[in-house]
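Here the structure comes first, spelled out in structure tokens, and everything after it is commentary.
The values are calculated or read from the model by the stated rules, or taken from the named source; none is laboratory data. Keep in mind the model is a prediction, meaning the values are calculated, not measured. In this analysis, Cβ positions are derived from the backbone assuming ideal geometry, glycine residues included, and neighbour counts consider all displayed protein chains.
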Amino acid sequence: MTIVAADDMTLIRPRHRLFRVLACAVVLTGILIGLGAWRLSASFKDFGKGLGAGLTRVIAESGGIAATQAANVASSQGVALGSVTTAQVQRHVASQLWLVGTTAVRVGDEVSMNATGDHVTTATETVPGSCSYGLAVGLASDPIVAADGLPGSGVFYNSVVPATSCAADLAPTVGWVTVSSTLLHDVGVQVSA
């Protein structure tokens, strides 16, 4: 069947009308799928940014996390913070290899540790060429508080990039930042009283 329109209108056949309706539906569906994919991609990009920021934070503060673990072992064993040994910490935190403070660590699960006075210093290399130092101070009267310009007792970190060597004995004496208790909680490290 053919419909003839007035002179100023074009000839429209029914099967062409159906084709046009289907073509419009396909185009609209494509647009909707494209918009959905773009929105999903933007969501993943934002998720990745958040994940990247969190991961960067954990890497930077990993020395402080290790210092907290060593301090927790000292507390649970009833020994002074400056008297805890790498062997004691190794028995309780077996997921990492605890080395003496003069030993440089390599990327991985190695931790260099030095305990003296009423503090423990740690060093971890989570990314090649970087070093995250940790410092757990038990008493505000420890001489390191004044020497390093710390606000008092607590857990601190200092991330050094580039680092030619990463050992607890090479820890800096300035630039310490307090470790976030939220981060310690997020990575499953409890702060002992």
Exercise for the section: Determine which single condition Leu99 fails, assuming it passes every other condition in (1) surrounded by fewer than 18 Cβ atoms within 10 Å (Cβ to Cβ); (2) aliphatic (A, V, I, L, M); (3) at pLDDT 95 or above. Expected result: (1)
Practice task
Evaluate the stretch 110-133: report whether one residue or more is among the hydroxyl-bearing types (Ser, Thr, Tyr) and surrounded by fewer than 18 Cβ atoms within 10 Å (Cβ to Cβ).
Solution key: yes
Problem - Close pairs (8 angstrom Cβ cut-off, 6 or more residues apart or separate chains): under 16 Å from Leu150 (Cβ atoms) and in the same structural domain as Val137 (by TED's automatic domain parsing) in the stretch 107-121, crowded, with 24+ Cβ neighbours inside 10 Å and of a type in the set (Phe, Trp, Tyr) anywhere - result: Thr121/Tyr133
Handout entry: Residue ID - nearest to the chain's Cα centre (by Cα), chosen from residues in the stretch 117-149 that are over 10 Å from Ala168 (Cβ atoms) and among the hydroxyl-bearing types (Ser, Thr, Tyr)
Key = Thr126
Problem - Single residue of the stretch 163-186 satisfying the filter (surrounded by 14 or more Cβ atoms within 10 Å (Cβ to Cβ) and at pLDDT below 75) that is farthest from Thr103 (Cα to Cα) - result: Leu183
Problem - Any hit, the stretch 79-96, residues being under 19 Å from Ile65 (Cβ atoms), surrounded by 21 or more Cβ atoms within 10 Å (Cβ to Cβ) and in contact with a Ser or Thr (Cβ under 6 Å, 6 or more places away or on another chain) - result: no
Exercise for the section: For the stretch 58-88, enumerate the residues that are on the phi < 0 side of the Ramachandran plot and outside any helix (DSSP H, G or I). Expected result: Glu61, Val79, Ala80, Val84, Thr85
